[in-house]
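**Student:** Would you mind keeping the following structure in view while I ask a few things?
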Amino acid sequence: MKDLKEKTIHKEYKFKGIVVNLRTDDAETADGMKVKREVVEHPGGVAIAMEDEEGRFWLVRQWRYAQERALLEFPAGKKEPGEEPLKTGMREIVEETGYAGKDYVFLGELVPTGAYDSEVIHLYYAVQGEYLGQHLDADENLHIEKYTLDELTEMIMRGEIIDAKTIAMTFMIKERKRRQHG
């Protein structure tokens, strides 16, 4: 099989921000061709699909500035420097819903935009635990909604849910449950 790895020759940062950095790289392909690459550096994140005792999942509807619209998503958040993904997930689910999760199951990783973005989202399923109180960030404004997997599937198919991590997790959990009960 042909080698695909590209070698970084030089990195130049164009912007360093609160959430992302932007750099342009000089690189060399496996064939020896010199190329330019643009990279958005992101610390990564975690998304949690938390199910209540009635089989409904907690989602948040919030304004996404870059998209210029509100999106319906599973709760998620950015990893802090050096923070383990599960710890991020446990923190974020309480911050956004007020409830702790329990019996966490790692579902895998999702790369939302692999062509130019370094972000990796770690995906977890959890069962709703005890109420601890919601602790939103000062600039966070969201609505909490709950839906079954079948309702989420229909919303995805109608184009009402367009968030990639929410779409992927819905189908991953649905398939996991099918295999467990199949």
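**Student:** In segment 143-160, is there at least one residue being closer than 25 Å to Glu53 by Cβ, free of Cβ contacts under 8 Å to residues at least 24 places away in the same chain, out of contact with any Pro (no Cβ under 9 Å at 6 or more places or on another chain) and among the hydrophobic types (A, V, I, L, M, F, W, C)?
**Tutor:** Yes.
**Student:** Another question, then. Check off (1) within 23 Å of Val111 (Cα to Cα); (2) outside any strand (DSSP E or B); (3) in the same structural domain as Gly101 (by TED's automatic domain parsing) for Ile18 and give me the number that stays unchecked.
**Tutor:** Tallying (1) within 23 Å of Val111 (Cα to Cα); (2) outside any strand (DSSP E or B); (3) in the same structural domain as Gly101 (by TED's automatic domain parsing), Ile18 fails exactly one: (3).
**Student:** What is the one condition in (1) on the phi < 0 side of the Ramachandran plot; (2) at pLDDT 95 or above that Glu80 does not satisfy?
**Tutor:** It is condition (2) that Glu80 fails.
**Student:** For Tyr131, are the conditions met, namely being assigned by TED's automatic domain parsing to the domain that holds Trp58 and surrounded by 19 or more Cβ atoms within 10 Å (Cβ to Cβ)?
**Tutor:** Criteria not met by Tyr131.
**Student:** Need the failing condition index for Ala27 against (1) outside any loop (DSSP other than H, G, I, E, B); (2) assigned by TED's automatic domain parsing to the domain that holds Leu142; (3) not hydroxyl-bearing (Ser, Thr, Tyr), just the number.
**Tutor:** Just one mismatch for Ala27, condition (2).
**Student:** Keeping to segment 99-155, report how many residues are under 19 Å from the mean Cα position of the chain (by Cα), part of a loop (DSSP other than H, G, I, E, B) and either under 30 Å from Lys5 (Cβ atoms) or modelled with pLDDT of 95 or more (or both).
**Tutor:** Summing the residues that are under 19 Å from the mean Cα position of the chain (by Cα), part of a loop (DSSP other than H, G, I, E, B) and either under 30 Å from Lys5 (Cβ atoms) or modelled with pLDDT of 95 or more (or both) in segment 99-155 gives 9.
**Student:** Looking at segment 63-75, which of its residues are in a loop (DSSP other than H, G, I, E, B) and closer than 24 Å to Lys102 by Cβ?
**Tutor:** Listed by number, the residues that qualify are Phe74, Pro75.
Here's the yes/no breakdown for (1) aliphatic (A, V, I, L, M); (2) under 24 Å from Lys177 (Cβ atoms); (3) modelled with pLDDT under 95; (4) touching a Lys or Arg at 6+ places or on another chain (Cβ under 8 Å):
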| position | (1), (2), (3), (4) |
| --- | --- |
| Lys36 | no, no, no, no |
| Val39 | yes, no, no, yes |
| Asp52 | no, yes, no, yes |
| Gln62 | no, no, no, no |
| Arg69 | no, no, no, no |
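**Student:** Here are Val60, Val35, Val46, Val39: which of them is free of Cβ contacts under 8 Å to residues at least 60 places away in the same chain, surrounded by 11 or more Cβ atoms within 10 Å (Cβ to Cβ) and part of a strand (DSSP E or B)?
**Tutor:** On inspection, the qualifying residue turns out to be Val35.
**Student:** Right, something else. Test Arg64 against the stated conditions and say whether it is in the same structural domain as Met155 (by TED's automatic domain parsing), in contact with a Leu (Cβ under 7 Å, 6 or more places away or on another chain) and either of a type in the set (D, E, K, R) or on the phi > 0 side of the Ramachandran plot (or both).
**Tutor:** yes
The values are calculated or read from the model by the stated rules, or taken from the named source; none is laboratory data. Since the model is a prediction, treat every value here as computed from it, not as a measurement. Note that each Cβ is placed from the backbone with ideal geometry, even for glycine, and that neighbours are counted across all protein chains shown.
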